[in-house]
Amino acid sequence: MEFNDYQEAANRTLYGNEQVLTNCALGLASETGQVVDLVKNYTFRGQELDQEALVSEMGDVLWYLSQVAQWADIDFDDVAQENIKRLNERYPDGYQSNL
């Protein structure tokens with residue numbers, strides 16, 4: 001699925017027309033926290049990594065990101081392409097850890 005196709009399909013489920021950006025930003029923070037919590041429980045509490053829950057929460061993060069872009073009239077494809085461009089400029093040979 002192309003990012004713009006996802007953005008358009010996701011927008012169908014957006015509700016409200018006042019304070020949409022604030023709602024999406026707060027939702028993004030909340031859903032990101034749920035991803036972090038799953039990773040924290042796996043890393044520090046010895047719990048199994050619940051991949052089904054992780055996929056679900058990552059999908060929620062993706063939805064909120066797409067809707068922030070939608071609100072700002074930014075194609076989601078452009079967000080992804082710009083990110084890859086910046087990564088390639090920053091790490092032309094790939095990421096090399098010094099650990």
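Condition check ((1) under 14 Å from the mean Cα position of the chain (by Cα); (2) in a helix (DSSP H, G or I); (3) exposed (fewer than 13 other Cβ atoms within 10 Å of the Cβ)) across all residues:
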{"residue": "E8", "(1), (2), (3)": "no, yes, no"}
{"residue": "C24", "(1), (2), (3)": "yes, yes, no"}
{"residue": "Q47", "(1), (2), (3)": "no, no, yes"}
{"residue": "V55", "(1), (2), (3)": "yes, yes, yes"}
{"residue": "A69", "(1), (2), (3)": "yes, yes, no"}
{"residue": "I74", "(1), (2), (3)": "no, no, no"}
{"residue": "N88", "(1), (2), (3)": "no, yes, yes"}
{"residue": "Q96", "(1), (2), (3)": "no, no, yes"}
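Of everything in the stretch 40-57 that is in contact (Cβ under 8 Å) with a residue 12 or more places away in the chain and among the aliphatic types (A, V, I, L, M), the residue that is farthest from F3 (Cα to Cα) is A53.
For beta carbons closer than 8 Å, sequence separation of 6+ or different chains, a first residue in the stretch 58-80 that is under 11 Å from N11 (Cβ atoms) and a second that is in a helix (DSSP H, G or I) and hydroxyl-bearing (S, T, Y), the qualifying pairs are S66/Y6; F76/Y6; F76/S66.
Evaluation of N4 against the conditions (1) surrounded by 14 or more Cβ atoms within 10 Å (Cβ to Cβ); (2) more than 15 Å from F76 (Cα to Cα); (3) of a type in the set (S, T, N, Q) shows that the sole unmet condition is (2). The test for being of a type in the set (F, W, Y) and assigned to a helix (DSSP H, G or I) does not hold for Y15.
Among the listed residues Q51, Q34, identify the single one that is under 30 Å from D73 (Cβ atoms) and of a type in the set (S, T, N, Q).
On the way: Q51 fails: under 30 Å from D73 (Cβ atoms).
On inspection, the qualifying residue turns out to be Q34.
Read-outs throughout are calculated quantities, based only on the coordinates presented, and are distinct from any laboratory measurement. Not measured: the values here are computed from a predicted model. FYI the Cβ positions are ideal-geometry reconstructions off the backbone, even for glycines, and counts take in every protein chain you see.
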